[in-house]
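What follows is a set of notes on a single structure, which appears directly below.
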Amino acid sequence: MKKKIKMGMLGGGPGSFIGPVHRMAANLDGLIELVCGCFSSNPEKSLQTGKELCLPENRIYTSYLEMIEKEAQLPAEERMDFLSIVTPNHVHYAPAAMALEAGFNVALDKPITFSLEEAKSLAEIVERTGKRLLLTHTYSGYPLVKEARFRVQRGDLGKIRRVYVEYPQGWLSTDCAAVNKQAAWRVDPTRSGKAGCMGDIGTHAFHLANYITGLKPVELCAELNSFVPDRLLDDDGTVFIRYEGGARCLLSASQVCAGVENGLNIRIYGEKGGLEWRQDSPNTMIFRPVDGAAEMIRTSTPSMVSPAALHNSRVPGGHPEGFIEAFANLYRNFALTLQADAAKETPCECCTDFPSVQDGIEGMQFVDAVVSSSAQNAAWVKWD
């Protein structure tokens, strides 16, 4: 009989945005159970959150060091199966590396690490230990994103020529770091890394374009901006990407588009047609053939034909599936893969369709390249 996958969590305490989202997503399908955690660097806050989540006090830890060491000593049927890390970027690598070395699988919020060097080191540890790593690029979990990927692979668009991917937000339009915990670490280079907006949401846009099209970058040029006075990291930027095969991409990410909530959208055009999808209207996608009427594709209707899209849909058409469901798809596929591993079975292709350590490396390569290009007055930088 298959058993629930047991999850530990690092981060996600009082004031956290993404930690509770991870917990909701992991819990949605009943395949994952939260069994332990260190929810804050403050022991009192960690204990508070653990109690609110109904965890026994002996499974609420004061540090990730204590958590990993003590969990590793427990019997296999009791200890966590994987550690979900939802901390700021500078506290990704060390706990992930330690957990992998101790025999635990890992789920990581994006970007994967503080630096490209850390990402490459983590990939080596994943390879050596044989453990699984999930990187939560949420938007790849939407059914219609998987439908778009399927249609590109099937050739519905023909050879890809042009990609436009935009990710505008407005929540950092003012200097709010002193009063907003989420803003504070994102604009701090000692915690966020060498990029601000481009590391936080630009990597999402980059991953979405790569995931759907399957195209590989050749070179890029970028202009990064910091519009809010005295802000040390970028809060806005534009990137031009040249792909193998001649396709071109215009990527824009900004957190100073005043009044915009979360406007991620992508348009892809090829020789035979184009696709358009918006994150704030995720159950609708438009296919535009070169010589016919536009087609509306809706989640969980006969217009959606991809096996992966169907696998990642839960309810009949007309019942909206959104951000939490997309996030949950990543966790469900990860859990199904871990269950197959435990049974010494080969997980299905749909189950292993979640972002991995390689996606994380590419995201950090993107960050390095855009920062380098912008520092050289938007010079073209080869993809390394």
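No lab work stands behind these numbers, since they all come straight from the coordinates. None of the values given here were measured: they were computed from a predicted structure. Cβ coordinates were reconstructed from backbone atoms using ideal geometry, including for glycine residues, and neighbour counts include every protein chain displayed.
Within the range 118-136, the set of residues being within 16 Å of the chain's Cα centre (by Cα) and more than 13 Å from Asn333 (Cα to Cα) comprises just one member, Ala119.
Kindly indicate whether Gly274 is in contact with a strand residue (DSSP E or B) (Cβ under 7 Å, 6 or more places away or on another chain), in a loop (DSSP other than H, G, I, E, B), more than 16 Å from Asp368 (Cα to Cα) and touching a residue at least 12 places away in the same chain (Cβ under 8 Å). Answer is no for this residue. Checking each residue in the range 14-55 for being touching a strand residue (DSSP E or B) at 6+ places or on another chain (Cβ under 9 Å) and of a type in the set (Gly, Ala, Ser) picks out Gly19, Ala25, Ala26, Gly37, Ser46, Gly50.
Taken as a whole, the range 244-261 holds at least one residue that is within 30 Å of Thr301 (Cα to Cα) and either touching a Leu at 6+ places or on another chain (Cβ under 8 Å) or surrounded by fewer than 15 Cβ atoms within 10 Å (Cβ to Cβ) (or both).
Selection of the range 7-19 for residues being under 15 Å from the mean Cα position of the chain (by Cα) and within 23 Å of Leu65 (Cα to Cα) yields Ile18, Gly19. Taking the criterion of being touching a residue at least 24 places away in the same chain (Cβ under 8 Å), in a strand (DSSP E or B) and either in contact with a Gly (Cβ under 6 Å, 6 or more places away or on another chain) or of a type outside the set (D, E, K, R) (or both), the residues of the range 235-267 that qualify are Gly237, Val239, Ile241, Tyr243, Cys249, Leu250, Leu251, Ser252, Ala253, Ser254, Asn265, Ile266. Criterion applied to Thr337, Thr352 was being surrounded by 15 or more Cβ atoms within 10 Å (Cβ to Cβ), of a type in the set (S, T, N, Q), farther than 25 Å from Phe17 by Cβ and in contact with a Cys (Cβ under 6 Å, 6 or more places away or on another chain), and the one residue passing it is Thr337. With respect to Ser192, determine if the residue is within 16 Å of the chain's Cα centre (by Cα), of a type in the set (Ser, Thr, Tyr) and closer than 23 Å to Ala26 by Cα. Criteria not met by Ser192. Can you tell me which residues in the range 270-285 are within 24 Å of the chain's Cα centre (by Cα) and surrounded by fewer than 20 Cβ atoms within 10 Å (Cβ to Cβ)? Within the range 270-285, Glu276, Arg278, Asp280, Ser281, Thr284 meet the criteria. When the residues of the range 76-125 are filtered to those that are acidic (Asp, Glu) and closer than 23 Å to Thr138 by Cα, the one that is surrounded by the fewest Cβ atoms within 10 Å (Cβ to Cβ) is Glu118. The lone criterion from (1) touching a Phe, Trp or Tyr at 6+ places or on another chain (Cβ under 8 Å); (2) within 29 Å of Met198 (Cα to Cα); (3) surrounded by fewer than 14 Cβ atoms within 10 Å (Cβ to Cβ); (4) not polar (S, T, N, Q) left unmet by Val305 is number (2).
Restricting attention to the range 215-229, the residues that are aliphatic (A, V, I, L, M) and closer than 15 Å to Asp175 by Cα add up to 1. Could you tell me whether Gly19 is small (Gly, Ala, Ser), out of contact with any Phe, Trp or Tyr (no Cβ under 6 Å at 6 or more places or on another chain) and surrounded by fewer than 19 Cβ atoms within 10 Å (Cβ to Cβ)? Spelling it out, it is not the case that Gly19 is small (Gly, Ala, Ser), out of contact with any Phe, Trp or Tyr (no Cβ under 6 Å at 6 or more places or on another chain) and surrounded by fewer than 19 Cβ atoms within 10 Å (Cβ to Cβ). Considering the range 355-372, and only residues there that are surrounded by fewer than 22 Cβ atoms within 10 Å (Cβ to Cβ) and of a type in the set (Gly, Ala, Ser), the residue that is farthest from Lys216 (Cα to Cα) turns out to be Ser372. Residues that are surrounded by 16 or more Cβ atoms within 10 Å (Cβ to Cβ) and in a helix (DSSP H, G or I) within the range 28-47 comprise Ser46, Leu47, listed in sequence order. Highlighted here are the helices (runs of 4 or more DSSP H) found entirely within the range 141-218 that include at least 2 residues which are more than 19 Å from Val367 (Cα to Cα) and either of a type in the set (S, T, N, Q) or in contact (Cβ under 8 Å) with a residue 40 or more places away in the chain (or both): 143-154, 181-186, 203-213.
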